[in-house]
Amino acid sequence: LPYVPHVHPMALPGKVTATTFALERPRCVFDRHADASDAVWLAVAFANASATFRNPRSRADVPPYKQLLTTRSYMTLETAAAAYSCSAPTPPVLRVGGDTACRDQGRQDPCNGPLPSPGPYRVKFLLMGCRGPKAETLWSDPILLRTALSPSTIDPAPSRRGSDVVVIASILASLGAVLATAVLGALGAKVWGSLCHQDLGTDAFTRRSYRTHHIPPALPHSLPPSCGCSPPGLCRSAPQPPAPCQRI
Amino acid sequence: MAKSEDCVHILQGLLVFGNVVIGMCGIALTAECIYFVSNPHGVYPLLKATENNDIYAAAWIGIFVGLALFALSILGIIGVIKASRTLLLVYIILMLITFAFEMASCITAATHRDSVTPQLFLKQMLERYQKSEPANDIEVTKTWDELMLQNHCCGVLGPSDWQEYTSAFRLTHSDADYPWPRKCCVLDAQGLPVNLDGCKLGVPGYYNSNGCYDAISGPVNTHAWGVAWFGFAILCWTFCVLLGTMFYWSGIEY
């Protein structure tokens, strides 16, 4: 028969997995040759063993699933020929390797067990009657199954450092440095000024401090003879006339 | 003279206004960080499993920094109005300490947001989902199951994650029966797949084809940027207020 089996053309992510693959169900292919009692088998063989595959003479000679690794081929998916006719309303996909129960229980019936290795495999359909094979399709192209990688090959590190991190870190670091410098500078200036009693403040500051505290300046005779450090503000303002204070 | 008195009052007014804004932002920061720490989207177990939960540490710091900012802003307002050198000195020093903590929180949140990549979650999912021996992988499994159920997604980038890589899941579930977990299938009201064969093959409509990475990275991004950028804005404002306060403090004389 001139039909070539092939993997289903639709883009399904489960079309080909590590142990199964999905073929497009052939329709109207066997109608001319099939009787009601005939069965259609699927022969699966390793791609390099497909040339040496011989069709079985009868149903008893059908190579079972268990012999796949030794004889490098087997036949499965025995279905009535009527299921492949033009009028059959069946799902369009044939999944090879989907039956894990028959692999574990080791039944002798045709077993659609999972495929043990990634292949590549070739398949063909075989129409078997009561007296032997009646028709067959061509061999398919080699079908290679998936091989999974180990998750240790995944590298979770980010590819590049984001620019946002750099911006935030640099701006914050500079702000912090400026603040620290300003505090140290202000504290140091105050400590130095109070120790060395020099006129550090401007007039504006001094006047402002008077207004803020509403403290009238002390009379000159009550000042200590030396400009000590308590309180430094009054000490500094002694030589100035009390004129600004009278405006309070 | 009146002009400098006005200047003083303007400076006081500005500082009080600045501290009021700091206080309100502190409360907002605390509220935002409490919201993030309460784990509304359920991704915290995944982050914890990747040992990458410093974003949560940054949020915890943010809660306390926010409360500290609120308290210090009240102290600052009192200090400015009373023009007390001691109060303002205490205010400046404590604000600097708070500034340093908030700086650490922002930089931590921004850095760890960067290290959240799809590959990080992919590796964790493949190695730990449905792994039977260590007890803490039950958390990872439950979190992934809930994530996939609620967001109708599968894997990190898609169901093909389970096909491209071997995994702990693959050790206990055969590839032919479970090309991907059952939670990736469209489930009916009883929690059973609507069409199991359709799901195994990947027929559209019977399985969830999009990955869960968007559902994970969306909340993590919002969380990290909320902590990092809002904290950054507060710090810029605090910087200006602190400079003004130091200028004011240096002008106060006893």
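Here, each number is a calculation from the coordinates, and none is a lab measurement. Fair warning: this is a prediction, and the values are worked out from it, not measured in the lab. Using ideal geometry, Cβ is built from the backbone for each residue, glycine included, and neighbour counts are taken over all protein chains shown.
Neighbour counts of C-beta atoms inside 10 Å place B:111, A:20, B:222 in the sequence B:222, B:111, A:20, starting with the fewest. Using R₀ = 56 Å, calculate the FRET efficiency as 1/(1 + (r/R₀)^6) where r is the Cβ-Cβ separation of residue A:105 and residue A:166; round to 0.05. So, using R0 = 56 Å, E works out to roughly 0.35. Remark: relative contact order (chain B) = 25 percent; criterion is Cα-Cα distance under 8 angstrom and separation of 6 or more residues. Mind checking which of A:178, A:46, B:160 is farthest towards the positive end of the protein assembly as shown's charge dipole, using Cβ charges of +1 (Lys, Arg) and -1 (Asp, Glu) about the Cα centre? Value computed over the given set: A:46. Here region B:118-213 is treated with +1 on each Lys and Arg Cβ and -1 on each Asp and Glu Cβ, and its dipole about the Cα centre works out to around 60 debye. Of all DSSP beta bridges confined to the protein assembly as shown, the antiparallel ones make up roughly 95%. Only helical runs count toward this figure. For chain B, summing -39,500 (n - 2.57) over DSSP H runs of n ≥ 4 and dividing by all residues gives -24500 deg cm²/dmol at 222 nm. Taking every alpha-carbon pair under 8 Å whose residues sit at least 6 apart, region B:118-213 reaches a relative contact order of 32 percent.
Here the peptides A:174-187, A:133-146 are ranked by packing, the mean other Cβ count within 10 Å, and the order with the highest first is A:133-146, A:174-187. By the scheme Lys and Arg +1, Asp and Glu -1, what is the net charge of all other residues having a beta-carbon under 12 Å from that of residue B:162? For residues surrounding residue B:162, the net value is +2. Magnitude of the charge dipole for chain B, about its Cα centre and with charges confined to Cβ atoms of Lys, Arg (+1) and Asp, Glu (-1), is about 460 debye.
Once the Cα atoms are used to define both axes, helix B:2-37 deviates from the longest principal axis of chain B by about 20 degrees. Comparing B:70, B:99, B:17 in a Gaussian network model of chain B where C-alpha atoms under 10 Å apart are linked, the largest mean-square fluctuation is found at B:17. Legend: distances between Cα atoms for B:142/B:200; A:66/A:124; A:124/B:183; pairs beyond 27 Å are A:124/B:183. Please give the helix B:213-251 orientation as an angle from the longest Cα principal axis of chain B, in degrees from 0 to 90, rounded to the nearest 10. Long axis of B:213-251 versus the principal axis of chain B: about 10 degrees. Rounding to the nearest 10 and keeping the result within 0 to 90°, find how far the Cα-based axis of helix B:54-82 lies from the longest principal axis of chain B. Helix B:54-82 sits roughly 20 degrees off the main axis of chain B. For the peptides B:231-239, B:192-200, the ranking by mean Cβ contacts within 10 Å, running from highest to lowest, is B:231-239, B:192-200.
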